[in-house]
Structure formats: structure tokens, C-alpha cells
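Down below is the structure, laid out as C-alpha cells.
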Amino acid sequence: MVEIKDLAGLSEPLKKLIEVIAEGIGGVSRPILIRKNADAKAYEIRTMAQAIEDSQKLLGPISYCDGLVAVESASPERFRELPDTTMDKRVMARLSYQEAKRQSNVESITQHAFDELDAEPSAAEEKVDADWISRFFRIAEDITTELMQSLWGKILAGEVKRPGSYSLRTLDSLKNISQTDAELFVRFSRYAICSGGKVFVINPDNGKYLEESLHFTFSDYLRLRELGLLVPIDLEFSLAATDEPVQKVFTCGSTCILIDRPKDTPKQELTAIVYTEVGVQLLQLVDKEPADFNYLKKSASFFRRKGVIIQYGQIAEWSEDGFRYTDLRILPSEG
């Protein structure tokens, strides 16, 4: 049974995160997650001192300073120097090294999650699914790069805050995404337009605009399709004909677009590259930045008609129910 102590003074989201970590890996391994005062560093130093003493004979000279561990040598040559080294000992040394790396990966990811939740005032009372926790930590232990660890930390934090935000399918998809793939997804997602639960990037001319203006090649979005983040073929996005005045709201990063369509505006449509459910979930991990202004004008051009008013503004605050915007302006035409 896992015993969790010293949670006084932590916010509810952080307490919930600690419970999830404890269920996933059997204990909370980093003092910063359970101590937010000076004794955390003392605890860390004592723990590292004991670990260094236990590991020096196996790994060679080790030093520890300000959170960093330096190992002089962990090479096969070092193992050959050990007296009476047997195959079993070498196997144990390899397994120990691999498990230490995995533990370090998990700790880095949970630290990112801690940082994400540190300022959050509340979290849903609903518990994180046990199968989800198990799957998450099995994958997390093999995530090694800083960028990917940051993404996985955001996923853990998001699931703690609102269980069900990331499906098991999304976890399985993300584990097959390389850092290069992730960087491409982030870059492509700067142009993602959201409306009514649908997310898309405009593609009015079979990729010509994407390549010439946004510098995305066919192979770029083909790769994102292969990863299951975009639907296999372009789809039509349309605004229905109006029987009465209607306002349609879009977002692109931290920018909102408001389209006021008067009565009797005909159906308007465009061709778009559409995100899958997995892609939409992973889009939550991308930092929201102001939209590219030329891209906004290009997108709005498909919906311009007599009497249609198109405005844009900056999103000042997000909430569960929507967002609050400021500095609303008329969006000029292209050219």
C-alpha cells in the first residue's frame, strides 16, 4: 500500500496528481512533489548521497551538484575492470542502467505535469481511469527527449485536471510520434481553425497555397495523415444558407474571427484538411499564439459576400464555456 505524506499546503490539482503518480509507479519519487519548502532539498541530498554510495562500485566515480549527477564512466570497459564479473552481473548492470533511465524519464515528465498544475486552483473530482494511468506510465518511461517529455507532462496534467481529455488511442498514437513529427505538428497547427468542434486548415487549391505561402509540402501533411492526426482526404467545410441573421465564431490560436451573416446569405464552402479526433486532442498541447494575419485574410476571403461582416480580435481569457475577447476590429480584404 502506498503511503502519501506531507500534502498539507498543496492545491487540490497537485494532490490529485500525486495520487495518480503513486498509483502509476508505486510512489512519488521526487521530493518537490510532496515538499514545497527547504527540507525538499535536504531530502534530495540525503537520497542522492545514499544512491551514489550504492552505485559507485558499479558505475565508477560519481558526483552530484545542484540537481545534476555526473558519472565518469559507465562503459563496458568499466565493467571489465570489476573483479569476478560474471554474465549475470553484467546483465544486472544493464538492467539497472535501463531502469534508472526509465525512472529518470518518468520523473522528468511528472515534474512537467507538476509545473503545469502548480497554478491551477481546482480540478475535476472525477478520478483518472486506472487503465489510463497504467498505459500512460508504461509509455512514459521510454520518452527521452525534453520536448516530448514536456508534451507528455502536459497530457498527464490535462488528464488530472479533466479526466477523459486524452483517450487511450491518443496515448498510443503519440508514443509513435518522433520529436521531428511533433515539431511538424506544432508548426502545422499554428494554422488550425476551430469551429463547433471541427478543426481544419484551409486547402483551397490542392496544396498550392500551403506550399507557396506557408511552406508546407505535400509530404508534410501526408506524414501527419500517416500518423493518424489528419483525415486521409480533404473534406468540405461549409456555412449553411441563412434564414435569419447568424454569427459564426472561429478561433485560430489566440485569435478569434467573428462572421456576421445577414438573412438570405447563400451557402458558402471551402476545401480543408481536417483533424482527426486524436489530432484534435493533441492540438490542446500546442501553445496558443496570435494567428498569421495573411492567413486570416485568406481564410476570410471564402466567406465574403454582400452584407457579411468579418471581424477579428484577441482572446484574453479561456473558460470551460468559451472565451472572452478584446480589441475587436474589421478584418480587411486580401490585397
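Read-outs throughout are calculated quantities, based only on the coordinates presented, and are distinct from any laboratory measurement. For clarity, every value in this text was computed on a predicted model and none was experimentally measured. As a convention, Cβ positions derive from the backbone with ideal geometry for all residues, glycine included, and neighbour counts pool all protein chains shown.
Couple of notes before you dig in:
- Long pairs among Lys16/Lys101; Lys15/Lys198; Lys263/Lys297, criterion Cα-Cα beyond 27 Å: Lys15/Lys198
- Potential extension, Thr217-Thr145 segment - 0.36 nm per residue separation minus Cα distance: 23.3 nm
- Applied to region 160-166, the Karplus parametrisation 6.51 cos²θ - 1.76 cosθ + 1.60 on θ = phi - 60° returns per-residue 3J(HN,Hα) values of 5, 5, 9, x, x, 5, 10 Hz, with x for Gly and Pro.
- Applying 1/(1 + (r/R0)^6) with R0 = 25 Å to the Cβ-Cβ distance of Met87 and Arg138 gives a FRET efficiency near 0.35.
- Spin-label model distance (nm) - Ser96 vs Gln247, 7 Å beyond Cα toward Cβ: 6.6
- FRET efficiency for the Glu226 to Ser165 pair, using the beta carbon distance and R₀ = 22 Å, is estimated at 0.35.
- Over all pairs of different C-alpha atoms in region 204-249, the reciprocal of the mean inverse distance, the Kirkwood hydrodynamic radius, equals 13.1 Å.
- The Rg/Rh ratio of region 189-330, with Rg taken over Cα atoms and Rh as the Kirkwood radius over Cα pairs, comes to 0.95.
- Extension gain from Ala240 to Ile330, taking 0.36 nm per residue of separation minus the Cα-Cα distance: 30.2 nm
- Note on region 90-151 and region 200-267: Cα centroid distance 35 Å, given to the nearest whole angstrom.
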